[in-house]
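Worksheet: one structure, shown below.
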Amino acid sequence: MFGDAHLLVAADYVVFAVVLLLSAAVGFYYAWRSRKQGTSRDFLTGGRKLNALAVSMSLTASYMSSVTVLSNPAEVYRYGAIFGYLSISYVLAVVYTSEVFLPVFYRLAINSTYEYLELRFSRATRLLAMVIFFFNALLYTGLVIYAPALALNQGIFLTFLTEVFLVLWRLLQGGLKAVVWTDVVQIGIMFAGYMSVIIKCVILKGGISTILSDAQEGGRINFVDFDINPLRRHTFWTLVIGGTFGWSSIYGTYQPQVQRYNSCKTIKHARLALFINVLGLACTLTLSVISGLCLYSFYKNCDPWKAGQVSSPDQLLPYLVMDILADHQGLPGLFFAAVYSASLSTVSTSINAMAAVTMEDLIKPRIKLSEKKLLLISKGLSLFFGIVCVAMAGLASLMGHMMQAVSIIWGVTGGPLLGLFSLGVLCPFVNSKGGLCGLVTGLAAAVSVSIIEIISPSPPEMTRPLSLSTKGCNFTTDGSLNWTTPLYLLISLTTRHAVQWHSPSYLYFCVIGGLTSVIAGIIISLLTDFAIGTVISFSYCFITTFCFCSSTHHFRGIEGDGTDNVGQPNKEDGINKPAAGKFDNTRVSSF
């Protein structure tokens, strides 16, 4: 680890191994329980028998990926505690999800979120959304797998091999139940890893007041920033507005999260799981912010990144761990076990979700198979996607700072999908043409701003990184830092002087994609199906949305009669009764 991997002692490896064995044991337990029975649906959804507390902890664990554990403190270290405003976006996003999306998805009892899009719009819309999901999941999971290798900075092959063995073995044995209950174990390990660092820092610094005082002097306590400039990286508005859109796309449309709360035994448990999860998210963010302030308090006079002691800001927290916990046998192992646990939770969930989407969207509609064969295919898909995700981890090494890379990925893919699903649930007058065109237009807009960010990244006066010093360093460097320049940075260095515009904050990418999808979908629908009834429906949509009357009114959604949102047969789709026999008397709207 940064040339000091030998500092890990036997006790650290013992702690690390125990964590892996605990995770594997959960998979074995659920395999043993379901050895005489089980279907592909049980494997992918847990049989819809899970309780709210377990699912809420699993939702939090999936958010608390290895990227979060490593990158959030580094973000606070570089840009200040204003990052904590994201907690407001958690609340707003969960409220929106629980009132708009949850009633629809839970009532339909679908395994794949994108099955809804065929019921509401068309098969083409469903397939395009599925492609976007796979692009998102593979890139994001690659980053999550790469993070532990970045933290250790040694034995990358061993790191990938461990991920493959443990995640796939557990998934192949126990399905979603194993994922959820292992997350319950791992969330405790992750919090313990964070707390071990924070408590030791507080002890060494003589109290939390010293850490806060150092942060104040260094400008890290910067909550008073209400600048509305969309080019600024972090302000109250970019974090709250951008964060709300981003987290709404995750909880409202992203298959792994929807699959989790859909596995609850009742809709009340599902809604409760979402709101308990907010507490978990807030606690996680608080630990991240405090860890970032601890980083600054220790390295305010000698920044390891500028001094060349680490190759990336994402390695700062592991560097601190080895700096202050190396004398406490087992604690460094606990921290790196927390990083691994965070990675395993997210990766296992993503693999399970990709298997579910493939099964429900591609295989079941086309091939009639027995439940036994479907179960075997589900496990085989888990194995396949696990191998692909590990391969994607190699690409992750070229994507630069992980936190921003993840946010850009979510902005490009999550924003258009959020807009599309919102159109489907909230706007009954939007037809299949509007839905598909809205998705394509939103995706084009999000990709465009991300390309601008690559070509011409925002200047320091917009991102405003806080000052870092090396004046207190008592070592010298040879000037040859041990990192490779990320691919996106190489492109920007060669083109930044030729381009005169700058992109908005990376947090607004999701906003741009989502709003573009909504606006384009509405316009195309009005142009292709303009009628008095559409105008009335349009007005009704905004009145009921404004009044938040989702519990007492119903939009004209698709029912089991094979008609689309405006009561016309889905001729363009070539599909009649797409939900025949399964969704009779069920509306695909929360209104």
Yes or no: L287 more than 26 Å from Y140 (Cα to Cα), at pLDDT 90 or above and surrounded by fewer than 24 Cβ atoms within 10 Å (Cβ to Cβ)?
no
Of the residues in the range 55-71 that are over 26 Å from L272 (Cβ atoms) and not aliphatic (A, V, I, L, M), the one that is surrounded by the fewest Cβ atoms within 10 Å (Cβ to Cβ) is S71
Residue pairs within 8 Å by beta carbon, gap of at least six or interchain, first lying in the range 284-313 and closer than 22 Å to G84 by Cβ, second part of a loop (DSSP other than H, G, I, E, B) and of a type in the set (F, W, Y), listed first then second, are P313/W305
Within the range 89-125, residues farther than 12 Å from D361 by Cα and outside any helix (DSSP H, G or I) come out as A109, F121, S122
- Yes or no: R126 modelled with pLDDT of 75 or more and either crowded, with 19+ Cβ neighbours inside 10 Å or among the aliphatic types (A, V, I, L, M) (or both)? yes
Scanning the range 363-373 for residues that are at pLDDT below 75 and among the hydrophobic types (A, V, I, L, M, F, W, C) gives L369
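From the list S480, S469, exactly one residue is farther than 21 Å from R233 by Cα, assigned to a loop (DSSP other than H, G, I, E, B) and at pLDDT 75 or above. Which is it?
After ruling out the rest, the residue left standing is S469.
A quick yes/no check of all residues on (1) free of Cβ contacts under 8 Å to residues at least 60 places away in the same chain; (2) under 17 Å from the mean Cα position of the chain (by Cα); (3) outside any loop (DSSP other than H, G, I, E, B):
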site: V197; (1), (2), (3): no, no, yes
site: L204; (1), (2), (3): no, no, yes
site: L231; (1), (2), (3): no, no, no
site: G242; (1), (2), (3): no, yes, yes
site: W247; (1), (2), (3): no, yes, yes
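Taking A326 as the residue in question, decide whether it is under 23 Å from L466 (Cα atoms) and either in a loop (DSSP other than H, G, I, E, B) or touching an Asp or Glu at 6+ places or on another chain (Cβ under 6 Å) (or both).
No: the conditions fail for A326.
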Quiz prompt | Meets criteria (of a type outside the set (D, E, K, R) and within 21 Å of the chain's Cα centre (by Cα)) for S378 | solution = no
From the option list G438, G380, single residue qualifying as assigned to a helix (DSSP H, G or I) and buried (at least 24 other Cβ atoms within 10 Å of the Cβ) is G438
Of the candidates K306, K268, the one satisfying the condition of being assigned to a loop (DSSP other than H, G, I, E, B) and among the basic types (K, R) is K306
Taking the range 318-376 and keeping only residues that are under 17 Å from Y194 (Cα atoms), among the hydroxyl-bearing types (S, T, Y) and surrounded by 24 or more Cβ atoms within 10 Å (Cβ to Cβ), one is left with Y340, S341, S343, S345
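The values are calculated or read from the model by the stated rules, or taken from the named source; none is laboratory data. Everything numeric in this text was worked out from a predicted model, so none of it was measured. Positions of Cβ are backbone-derived with ideal geometry, glycine not excepted, and every protein chain shown enters the neighbour counts.
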